[in-house]
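Asks: Starting off with a structure, shown below.
The values are calculated or read from the model by the stated rules, or taken from the named source; none is laboratory data. A quick note: this is a predicted structure, and the numbers were derived from the prediction, not measured. Ideal geometry is used to build each Cβ from the backbone, glycine not excepted, and the neighbour counts take in all protein chains shown.
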Amino acid sequence: RGQSDHANLVGMDSEDPAQVTVTGSKSGDHEGQLKPLGPSTEGVTFTPDKPFKAQETVTVSIDGDVDIAGVDPGGEYRFKTASFRTDAALPPKVLPPESRIIKHETFHSRPDLEPPVVDIKKPAASGSGDGLMFMSPKVDGPMIFDDDGALVYYKPSTEAADFRTQTYNGQPVLTWWEGPFNAGGYTEGTNIIANDKYEEISRVLAGNGYQADLHEFKLTDHGSAYLTAYKTVLVDLTPWGGPKRGAVLDSIAQEVDIASGKVVWEWHSLGNVGLGETEIPFPTSPTEAFDYFHINSINEDKDGNIIISGRNTFSVLKVDKSTGKTIWKLGGKKSDFEMGKGTNFSYQHDALRQDDGTLTVFDNASTYGQEPTYPTSRGLVLDLDEENMTAELALKPFISPQKLLAPSQGNLQKLPNGNYLVGWGAQPWFTEYTPEGKVLYNGTYYARNSSYRVYRDPWTGIPSDDPAIATEDGGDNKVRVWMSWNGSTETASWRILAGPDEDNLKPVTTVDKDGFETGKTIRSHARFFAVEALDANGKSLGQSQPVSIGQQAGPEGTT
């Protein structure tokens, strides 16, 4: 349980602490309180009145009349507490939060927005998937754009990752991770949920004293979320030529009840995956923690058990959710599957079981400072025969038209129409394919930093703030008007209003929306102007603040 000072008893519906006996091998018997886990999960949390000690075995005994998931009636289970290294929680080199955009856009009506330019190399062909494109070029913020590369929404100055749409309480939402990036490939931050007005409705933290890592934030249909965390633990590394008390990164998977913030399920790589299964060299620096597993995705399988990817073991695990035990390993040194031709992967990301039973995974085939295991990174779709324990290619691997090799990050998304979208991780590209491998859509974005994942999803955004406007004197009774509404997906046209004062504005003309920002030159003797966003039926969606010639108005006020 590591840093946790409590035990979760999933499936238990009693809140009588007398039915639970908790004994530490060093700290002795523990009295405590039982409290419900939360509305989305049956079970209770036992919080002891005194903390456990490091490096002790804790035995939890259950009254014979009480059922606990994964424990026989009247049985018991054990876990071992860890000893943490406090001076090596994260690598010391934290990436500074300045912009890494190489080529950016600018807008008269929103001068505060400078997103990276998206360059579509192959326009979306017939048969491409529906929806908008979602990415988060790291320190430059979450971003939505359309098939033409035109900006739809941008949240600047936020160090973000894993930006996408999900469903929470039956409603579509936006989710992402935010926090400082560092040079070690793992992070400590916060997971965000926002509604269709782009308003934050929840912050989801890791529990049990850990910090949320960027690699996964997956909502469930029962009010919880899976997330990742890392913690530096002291482990005997003498079998690998290391110190007696060496620093090892423990990869942690958690399921957290969103409403209560309580941890309802937790898994650790240490104790479940041996250090000898790693495929990476032992670190030479005494201050560097050994990231032997490197968790980077968590997903529920169709049977409710958990699929976990370990980048540095070249393996994907299926974990029994009730017991935490490994059901099987795919790939790596201890694969339970016979790997067919072309199915081996390395340094992989985004392992996900699909509804048709296939397993999709992004095969990086490379990392920094090591020889690649394949000439290019690939999107893999695998058929798993769990009776005969064989793995075969279900489809021909997806390879970038640019033959990209991504040393980190990346994802493979199966779209509702059967196509596949690949985000090329450390390489700032994205590509959509038919199942047969035909490229339907391909583009890049001009940022030094990559986007951890790229998604295509349907989305309807209705911003809570007003549209933005900017005006400029064009001479000879001409006025140039620019208009935009960050995040609005329903605006189809703009109505320009003008008048002698702020309270007497009348329609002058209507112009079709043209990308993120629409510009129009009008002839007018008016002193004040505003713009009104209209949907496809001409219904008003929102109106800007009025401005005089030479002014700009947006969420930050009028300048």
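Asks: Answer yes or no as to whether residue 532 is assigned to a strand (DSSP E or B), of a type in the set (Asp, Glu), touching a residue at least 24 places away in the same chain (Cβ under 8 Å) and outside the structural domain of residue 399 (by TED's automatic domain parsing).
Replies: Numbers: assigned to a strand (DSSP E or B): yes; of a type in the set (Asp, Glu): yes; touching a residue at least 24 places away in the same chain (Cβ under 8 Å): yes; outside the structural domain of residue 399 (by TED's automatic domain parsing): yes.
Yes, satisfied.
Asks: Now for a separate question. Going by the conditions given, is residue 429 within 11 Å of residue 377 (Cβ to Cβ) and at pLDDT 95 or above?
Replies: Criteria met by residue 429.
Asks: Is it fair to say residue 451 is of a type in the set (S, T, N, Q) and at pLDDT below 95?
Replies: Here the answer is yes, as residue 451 does meet what is asked.
Asks: Report the residue count in the stretch 226-241 for those that are among the small types (Gly, Ala, Ser) and in contact with a Phe, Trp or Tyr (Cβ under 6 Å, 6 or more places away or on another chain).
Replies: Filtering the stretch 226-241 down to residues among the small types (Gly, Ala, Ser) leaves 229, 241.
Now restrict to residues that are in contact with a Phe, Trp or Tyr (Cβ under 6 Å, 6 or more places away or on another chain): 229.
Total meeting the criteria: 1.
Asks: Give me the residue from the stretch 126-158 that is within 17 Å of the chain's Cα centre (by Cα) and closer than 21 Å to residue 555 by Cα and, out of that set, modelled with the lowest pLDDT.
Replies: 158
Asks: Then there's this: Mind listing whichever residues of the stretch 169-194 are in a strand (DSSP E or B), in contact (Cβ under 8 Å) with a residue 60 or more places away in the chain and surrounded by fewer than 20 Cβ atoms within 10 Å (Cβ to Cβ)?
Replies: Within the stretch 169-194, 172, 182 qualify.
Asks: Any residue that is surrounded by 17 or more Cβ atoms within 10 Å (Cβ to Cβ) and over 20 Å from residue 229 (Cβ atoms) - is there at least one of those in the stretch 313-324? Steps first, please.
Replies: Keep residues of the stretch 313-324 that are surrounded by 17 or more Cβ atoms within 10 Å (Cβ to Cβ), which gives 313-319, 321, 324.
Adding the requirement that they be over 20 Å from residue 229 (Cβ atoms) leaves 314, 318.
The answer is yes; a qualifying residue exists.
Asks: Can you say whether residue 392 is in contact (Cβ under 8 Å) with a residue 40 or more places away in the chain and of a type outside the set (Phe, Trp, Tyr), as far as the supplied structure shows? So that I can check it myself, show each step before the final result.
Replies: Working: in contact (Cβ under 8 Å) with a residue 40 or more places away in the chain: yes; of a type outside the set (Phe, Trp, Tyr): yes.
For residue 392, the condition - in contact (Cβ under 8 Å) with a residue 40 or more places away in the chain and of a type outside the set (Phe, Trp, Tyr) - is met.
Asks: Going residue by residue through the stretch 326-339, is there one that turns out to be surrounded by fewer than 20 Cβ atoms within 10 Å (Cβ to Cβ), more than 20 Å from residue 355 (Cα to Cα) and small (Gly, Ala, Ser)?
Replies: Among the residues of the stretch 326-339, at least one is surrounded by fewer than 20 Cβ atoms within 10 Å (Cβ to Cβ), more than 20 Å from residue 355 (Cα to Cα) and small (Gly, Ala, Ser), which makes the answer yes.
Asks: Right, another one. What's the total number of residues in the stretch 468-483 that are over 15 Å from residue 559 (Cβ atoms) and assigned to a strand (DSSP E or B)?
Replies: So in the stretch 468-483, the residues over 15 Å from residue 559 (Cβ atoms) come out as 473-481, 483.
Then drop every residue that is not assigned to a strand (DSSP E or B), which leaves 473-475, 478-481, 483.
Final tally of qualifying residues: 8.
Asks: Any idea how many residues of the stretch 442-460 are in a strand (DSSP E or B) and closer than 21 Å to residue 103 by Cα?
Replies: Applying the first criterion (in a strand (DSSP E or B)) to the stretch 442-460 yields 442-445, 447, 454-457.
Subsequent filtering for residues that are closer than 21 Å to residue 103 by Cα retains 442-445, 447, 454.
Counting residues in the stretch 442-460 that are in a strand (DSSP E or B) and closer than 21 Å to residue 103 by Cα gives 6.
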